[in-house]
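The values are calculated or read from the model by the stated rules, or taken from the named source; none is laboratory data. Note that the coordinates shown come from a computational prediction; the quantities given were computed from them, not determined experimentally. Methodologically, a virtual Cβ is constructed for each residue, glycine included, from the backbone with ideal geometry; neighbour enumeration extends over all protein chains shown.
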Amino acid sequence: MTERSIAFSHLGIFFKDVGKSINLFGIDIAYYGIVISMGMVLAGAFVLYDGVRKKQKQDDYLDVLIWGLIVGIIGARAYYVIFSWEAYRNNLISVLYFREGGLAIYGGIIGGIIGAIITCRVKKLKFFDVADSVCMGLLIGQLIGRWGNFFNREAFGGYSDGLLSMQIPIAAVRSMDDVTAEMLSNTVFFDGVEFISVHPTFLYESLWNLAVFLFLFFWRRRRKFFGEIWFMYLGLYGVGRLWIEGLRTDSLRSVFFGFRVSQLLSLILILISIVYLLYGYAKKKGEATC
């Protein structure tokens, strides 16, 4: 084992040499970017496929994807910078250094929604009908994209010695600010290399997203009204993010009572989803009895 190793020792899985990038023609390309790109491509392909299934124009859905992606990336960066302002306030140009990382999923979703709403208005499309397809693509992108955190040794939780616990070398951790005293007091050694044992929260979220995707994939054919799948996605994703975020040691924190930003937003999305779905089902039941 080396300082480039990652282990899931209780599962008997050991990756002895996990790099963070690959060099092509003298240019280092981060695995994080490769994984994110794969997720985007597969997500877009599914959305276009679902649009065809609903007998919609592929060009219209492609426009929604393009503008949603562009505004989504801007939103993801803006969200991260706003809640990490101390790291950027003295060097504003660093806000543009995307290659150094710093994108937030919730910011991407918010930005993507704005881009999609504008495009739908221009194209005269029903936003919630389109959103019911887009959210399925989002889940694909998120469940794949989270594995970028695996290569970066980031987005992990506190100390864990459970079945799914992950061991990473202390020397490979992105920031020692993410390492707790409990981790340091429970380090393990493999071949003389010191490892911390943590919750692989990126894995938890990836598996949760997969479960939500499979549920919605089969539920979507039972859709009763536009927006049903979209709000189910927001609520279910919010439930998963609410508890997973509580495990992480590197979360963005809000200024409100020390709560994590993503937990607060997750709770808001869960409540909004419940209200909208109850309203939608009640309205549909009322129409059926008329």
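Counting just the residues of the range 248-258 that are surrounded by fewer than 22 Cβ atoms within 10 Å (Cβ to Cβ) and within 24 Å of residue 153 (Cα to Cα), which one comes out modelled with the highest pLDDT? Filtering first and then ranking leaves 249. Restricted to the range 1-24, and to residues there that are exposed (fewer than 12 other Cβ atoms within 10 Å of the Cβ) and outside any strand (DSSP E or B), the residue that is farthest from the chain's Cα centre (by Cα) is 12. Taking the range 144-247 as the region of interest, the strands (runs of 3 or more DSSP E) fully inside it that hold 1 or more residues being modelled with pLDDT of 90 or more and crowded, with 21+ Cβ neighbours inside 10 Å are 166-169, 193-198.
A single entry from 65, 42 fulfils the requirement of being surrounded by fewer than 19 Cβ atoms within 10 Å (Cβ to Cβ) and either at pLDDT 80 or above or part of a loop (DSSP other than H, G, I, E, B) (or both): 42.
You will find that of 71, 134, 35, 47, the residue that is surrounded by 15 or more Cβ atoms within 10 Å (Cβ to Cβ), modelled with pLDDT of 85 or more and in contact with a Lys or Arg (Cβ under 9 Å, 6 or more places away or on another chain) is 35 and no other. Within the option set 277, 271, being within 22 Å of the chain's Cα centre (by Cα), modelled with pLDDT of 85 or more and either aliphatic (A, V, I, L, M) or assigned to a loop (DSSP other than H, G, I, E, B) (or both) holds for one residue only, 271.
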